[in-house]
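Readers should treat all values here as calculations from the given coordinates under stated rules, not as data from a laboratory. These numbers were taken from a predicted model, which means no experiment stands behind them.
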Amino acid sequence: MTDPVGIRAWQRLDARTTTSGAPTADDIAALAGICVRHVINLALPGHPEILPDEGKVCGEHGIAYTAIPIPFDHPTEQHYRQFRAAIAGNDPVHVHCVMNWRVSALFYRSNVENGMDRDKALAMLTRQWDPRTADNPAARAWASLIGL
C-alpha cells in the first residue's frame, strides 16, 4: 500500500500511525484507501483550514473520528492525556492539526516516554518544526509541555 501524495505536512511515523496538517475531503478518502480506521483532529473547531464537517466525512468512509481541540497558545497536560488515550489501540490511526505542529510535538513526548531514543524522536519532530527555535510566541508553551 502506497502512502498518499499531496497531503499537507504528511508524515508516516510507523506502520499504523500517520500524521499531517489539515486534510481535505479528498485526503480523507485517500486515508481510507490506506486503511486508516481512526482520525484524530487536534485543531480548534472553526479554523478556516479545517473541514467543518470532518467527522461526517470520516464517517462516510468508515473512519472513526475524535476531536481534541488544543488551543495552540495554551496546550495543557490534560490535552496530552487525552491525546495518549485517543492513540491507544491497534487500529491504523491518523492524527492531524493545521500544520502538524501540535501533532508532532505530542508524538515527540509520547515517543520519548515510550522509550524511543531522544535524538530519533527529535528528528521526527523537527521534520515539521522545532519549538525550541520557532519564532511563534506559543512555541515556549509547547517546548515546556513536551520537555524540551
Taking 0.36 nm per residue of sequence separation and subtracting the Cα-Cα distance, how much length would be gained by fully extending the chain between ARG84 and ARG140, in nm to one decimal?
18.0 nm
Amide H contacts under 5 Å for MET99, restricted to residues at least 5 apart in sequence or on another chain and with H modeled in the peptide plane, are ALA22
From phi via Karplus (6.51, -1.76, 1.60), per-residue ³J(HN,Hα) for region 124-130 in Hz, x at Gly/Pro:
5, 4, 6, 5, 9, 5, 10
In Å, the Kirkwood hydrodynamic radius from C-alpha pairs for region 11-104 sits at 13.1 Å
Amide H of ALA67: which non-local residues (sequence gap of 5 or more, or other chain) have their own amide H closer than 5 Å, using H built in the peptide plane?
ASN41
Could you state the number of Å between the C-alpha centres of region 40-63 and region 1-21?
17 Å
Longest principal axis of the chain (C-alpha) makes with the long axis of helix 101-113 (C-alpha) an angle, in degrees to the nearest 10, of 70 degrees
In Å, the Kirkwood hydrodynamic radius from C-alpha pairs for region 1-53 sits at 11.7 Å
